[in-house]
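Asker: Structure in structure tokens, see below.
The values are calculated or read from the model by the stated rules, or taken from the named source; none is laboratory data. Small disclaimer: the values here were computed from a predicted structure and weren't measured. Please note: Cβ atoms are built from the backbone with ideal geometry, for glycine as well, and neighbour counts cover all protein chains shown.
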Amino acid sequence: MNNIKKLYGSQLDALKEEISLYKNEKKLWELNGEIKNTTGNLCLHICGNLKYFLGNIIGNTGYLRDRDREFSAKGISKSELIKQIDETKAILDKMFSVLKNEDLLKIYQENKFGENSTYAFVFSRLISHLCYHLGQINYHRRITDI
């Protein structure tokens, strides 16, 4: 379980680094060409997704997700986005600290990822979702923040 925790931590650190690398904070909220989501919105989406599907469903945090806001909010500061990432990482650290390797075989409580999906499958699915959007953010930064 510790390796999965480290993987999520390293990818959230990479997200924080990408956000930090923007020289012009306004570019976090800029669309360019065929890109449909801003970096700021993708960051909010990644955090909301993890806080809900892992923090709330497995960690029982009580987090209430507002998915629409993840994509409609605009102009949130770089420092606030980084704070959201740090908060997400802390929630996941706490959740992973109480799980054991045998919990990987538990059945996830919602059918969002398919009937009878295990925690292992959900962890894999959500890290791939995070990495997919992290790649989009990296590309967005390199083409807009010049």
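Asker: Condition first: over 21 Å from Ile4 (Cα atoms) and free of Cβ contacts under 8 Å to residues at least 12 places away in the same chain. Now tell me which residues in the stretch 115-138 satisfy that.
Answerer: Matches in the stretch 115-138: Glu115 only.
Asker: Separate question: Tell me which residues, restricted to the stretch 1-58, are at pLDDT below 95, farther than 22 Å from Ala120 by Cβ and of a type in the set (A, V, I, L, M, F, W, C).
Answerer: Leu31, Ile35
Asker: Considering only the stretch 32-47, state which residues are crowded, with 20+ Cβ neighbours inside 10 Å and not β-branched (Val, Ile, Thr).
Answerer: Gly40, Asn41, Leu42, Cys43, Leu44, Cys47
Asker: Something else now. Any residue that is aromatic (Phe, Trp, Tyr), without any contact (Cβ under 8 Å) to a residue 24 or more places away in the chain and surrounded by 16 or more Cβ atoms within 10 Å (Cβ to Cβ) - is there at least one of those in the stretch 55-78?
Answerer: no
Asker: All but one of (1) in contact with a helix residue (DSSP H, G or I) (Cβ under 9 Å, 6 or more places away or on another chain); (2) under 29 Å from Glu18 (Cβ atoms); (3) at pLDDT 95 or above; (4) surrounded by fewer than 16 Cβ atoms within 10 Å (Cβ to Cβ) hold for Lys112; state the number of the condition that does not hold.
Answerer: Every listed condition holds for Lys112 apart from (3).
Asker: Examine the stretch 100-111 for a residue that is in contact with a Leu (Cβ under 8 Å, 6 or more places away or on another chain) and part of a helix (DSSP H, G or I), and state whether such a residue exists.
Answerer: Scanning the stretch 100-111, I find no residue that is in contact with a Leu (Cβ under 8 Å, 6 or more places away or on another chain) and part of a helix (DSSP H, G or I), so the answer is no.
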